[in-house]
1. In Å, the Kirkwood hydrodynamic radius of segment 263-322 over pairs of distinct alpha carbons?
2. Work out the FRET efficiency for residue 56 and residue 159 from their Cβ-Cβ distance, taking R0 = 41 Å, and round it to the nearest 0.05.
3. Want the number for residue 215 to residue 189: 0.36 nm per residue separation, take away the alpha-carbon distance, what's left?
4. Can you figure out the FRET efficiency of residue 128 with residue 167, using R₀ = 25 Å and their beta-carbon distance, to the nearest 0.05?
5. Show the residues, 5+ positions off or on another chain, whose built amide H is closer than 5 Å to the amide H of residue 140.
6. Can you put 233, 155 in order of accessible area, largest first, using a 1.4 Å probe?
7. How large is the Kirkwood hydrodynamic radius of segment 82-225, counting all unique pairs of alpha carbons, in Å?
8. In whole angstrom, note down how far apart the Cα centers of segment 64-134 and segment 253-322 are.
Amino acid sequence: MPLVTSAEMFKKAYNGGYAIGAFNVNNMEIVQGITEACREEKAPVILQVSKGARAYANHTYLVKLVEAAVIECPEIPVVLHLDHGPDFETCKACIDGGFTSVMIDASSKPFAENIEITKKVVEYAHDHGVVVEAELGSLAGVEDEVKVSAEDSSYTRPEEVQEFVEKTGCDSLAIAIGTSHGAYKFTAEQCTRNEKGILVPPPLRFDILEEVSKRLPGFPIVLHGSSSVPQEYVKMVNENGGKMPDAVGIPEEQLRKAATLSVCKINIDSDLRLAMTGTIRQFFSEHPDKFDPREYLKPARANIKELVKHKLVDVLGCAGKA
Ligand code: G3H
Ligand code: 13P
Ligand code: ZN
């Protein structure tokens, strides 16, 4: 099956009470780990590419890697999506260059300007059969070298969403309800500690999600910054020369709950980075004499695949939905 847009996927996900996984891709092993997991679990998938990924790997290489995955996994629907498109020009380059979905992230701009930029992207994208994700509210954390502090982040204001969607014509909306980008989502001060001394983050603002959904019935909502920062991989990193103290993510039960509501797309990047880095660090600790990239990338790819399978089955609920 050729690359698809997310329109049909989101309709089914909304009605079926599950979410589609949107995983960031930067190289071949990550593309393979994700898509092999989705093929085996019969799950639809969104492969997303950030501005940083395009700068690192080059637009053409990434498109061709994703096209290769589509050939290898013909039975699953795959969307190629631009993550956090910073401006019209980047969105246009991706629309012209084979993507089936783009995000325009003008969430740091004033409301009226966000509407204006998003609308321009929507008009161009829809003329070319491409769908558009937009964002209202802003997440804390690091994305594409832009660091947003917890104080500068802001929850989505439910009273703005209807006007925004009507005026822009966007196809899905990313909202801020307390998720955050990266592996350090919360400071120790923002968390409590459980009886094992593990940091427990503040709960997501499901009240905001509910208010948004009431105002936009049937409309697909997106959650960014939704890695759970698996503690086994943080431990693997730290036990093998790394230093990631107090890395903490979004509890998986909360993401599972969001997926049963109006959230149709859940973005996961940091968890895959952690699995890859932890595995490679452990490999080198155990095999200091090895230097063949195929030898250390193979277990890294296998662990990405296992982690993605777990997300599809236990968190997103989209296994078997292809
Ligand atoms: O939200 C950002 C994604 O995790 C992509 O990260 O900008 O480092 O490629 P990146
Ligand atoms: P994480 O950093 O939580 O994986 O979020 C990724 C993301 O939102 C990509 O847009
Ligand atoms: Zn994001």
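1. Values: mean 1/r = 0.0779 Å⁻¹.
For segment 263-322, the Kirkwood estimate is 12.8 Å.
2. On the way: r = 39 Å, r/R0 = 0.95.
E(calc), rounded to 0.05, equals 0.60.
3. Between residue 215 and residue 189, full extension yields an extra 6.0 nm.
4. Computed FRET efficiency for residue 128 and residue 167 comes out at 0.75.
5. Those lying under 5 Å, H to H, from residue 140 are 181.
6. 155, 233
7. With all distinct Cα pairs of segment 82-225 included, I get 16.0 Å.
8. Each part reduced to its Cα centre gives a spacing of 24 Å.
The values are calculated or read from the model by the stated rules, or taken from the named source; none is laboratory data. This one's a predicted model, so the numbers in the text were calculated from it and none came from an experiment. Here Cβ is always computed from backbone atoms with ideal geometry, including for glycine, and neighbour counts include all displayed protein chains. Ligands, DNA and RNA are excluded from the accessible area calculation, which covers all protein heavy atoms including side chains. Shrake-Rupley method; radii C 1.70, N 1.55, O 1.52, S 1.80 Å.
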